[in-house]
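Enquirer: Mind looking over this structure? Questions follow.
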Amino acid sequence: AYIDLTWDITENFLLGGTVRTENYSDFGTATVYKFTSRYKVMDKLTFRSSVSSGFRAPTLHQQYLSLSQASFSGGDIVITGLANNFSREARLLGVPKLKAERSQNFSFGVGYNPNSDVSITVDYYNISISDRIVYSNEVSRTVSGVAINNTSFFINAAKTRTSGIDVVASYRNIGSKKLNLNLAGNYTINNELVGGW
């Protein structure tokens with residue numbers, strides 16, 4: 001299901017909104033949204049902002065990959081491995097099935113067009129991602145008489161936040177209108193782990 005609405009409140013002020021919901025066979029339902037606004041100051045200067053959500057589904061290898069590796073340590077053979085979240089080990093340890101990573105996004109920017117051939121945009125963004133899929137520590141435990149040794153899992157266990165500034169400048173129709181120049185840059189203000197277990 002999908003709905004998209006745009007409203008020109010005035011000639012210079014626009015609001016927009018989109019909501020989408022989908023049902024996936026392997027990890028459930030996902031609903032995302034995006035709300036945008038734009039305000040023009042004359043024809044040369046534009047302010048814009050948006051608030052949105054998003055998701056990233058677990059990949060096939062994160063859901064189903066299993067592997068074992070044997071190595072020598074102190075004269076002994078040590079088996080380490082990765083068990084998927086549908087495995088017997090996951091059920092015994094109570095490791096839940098993976099769910100989608102979720103994001104909350106905010107951006108604010110300004111666009112400047114001094115003439116028809118030059119444009120400059122500067123945008124600030126802030127992205128928060130929860131339920132990030134990470135590789136767990138190795139677990140060694142005996143549960144219901146079953147020994148689980150040096151086994152890891154993919155789990156939803158981290159939250160991150162990233163913020164920064166994007167700058168894009170364009171100069172078109174240079175010379176005989178055959179050359180266009182584009183310059184783009186990004187500065188990351190913050191990229192941090194803000195939660196997890």
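Enquirer: Just to verify a result, which residue in the stretch 143-168, among those that are assigned to a strand (DSSP E or B) and without any contact (Cβ under 8 Å) to a residue 40 or more places away in the chain, is farthest from Ile127 (Cα to Cα)?
Expert: Filtering the stretch 143-168 for residues that are assigned to a strand (DSSP E or B) and without any contact (Cβ under 8 Å) to a residue 40 or more places away in the chain, the one farthest from Ile127 (Cα to Cα) comes out as Ala147.
Enquirer: Now for a different question. Could you count how many residues in the stretch 115-131 are open to solvent by 50 Å² or more (accessible area, probe 1.4 Å) and at pLDDT 95 or above?
Expert: Number of matching residues: 4.
Enquirer: Identify all residues within the stretch 23-59 that are free of Cβ contacts under 8 Å to residues at least 40 places away in the same chain, in a loop (DSSP other than H, G, I, E, B) and among the small types (Gly, Ala, Ser); write none if there are none.
Expert: Ser25 - this is the single residue of the stretch 23-59 that is free of Cβ contacts under 8 Å to residues at least 40 places away in the same chain, in a loop (DSSP other than H, G, I, E, B) and among the small types (Gly, Ala, Ser).
A quick yes/no check of all residues on (1) open to solvent by 100 Å² or more (accessible area, probe 1.4 Å); (2) within 23 Å of Thr151 (Cβ to Cβ); (3) in contact with a Ser or Thr (Cβ under 6 Å, 6 or more places away or on another chain); (4) among the hydroxyl-bearing types (Ser, Thr, Tyr):
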| residue | (1), (2), (3), (4) |
| --- | --- |
| Val19 | no, no, no, no |
| Tyr33 | no, no, yes, yes |
| Ser37 | no, no, yes, yes |
| Met42 | yes, no, no, no |
| Leu45 | no, no, no, no |
| Ser50 | no, no, yes, yes |
| Ser53 | no, no, no, yes |
| Gln62 | no, yes, no, no |
| Gln69 | yes, yes, yes, no |
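Enquirer: Next up: So, of the residues in the stretch 90-147 that are among the charged types (D, E, K, R) and over 28 Å from the mean Cα position of the chain (by Cα), which turns out to be nearest to Gln69 (Cα to Cα)?
Expert: Among them, the one singled out is Arg141.
Enquirer: Working only within the stretch 1-17, note down all residues that are open to solvent by 70 Å² or more (accessible area, probe 1.4 Å) and aromatic (Phe, Trp, Tyr).
Expert: Selection gives Tyr2, Trp7.
The values are calculated or read from the model by the stated rules, or taken from the named source; none is laboratory data. These numbers were taken from a predicted model, which means no experiment stands behind them. Note that we place each Cβ from the backbone using ideal geometry, even for glycine, and neighbour counts take in every protein chain shown. Ligands, DNA and RNA are excluded from the accessible area calculation, which covers all protein heavy atoms including side chains. Shrake-Rupley method; radii C 1.70, N 1.55, O 1.52, S 1.80 Å.
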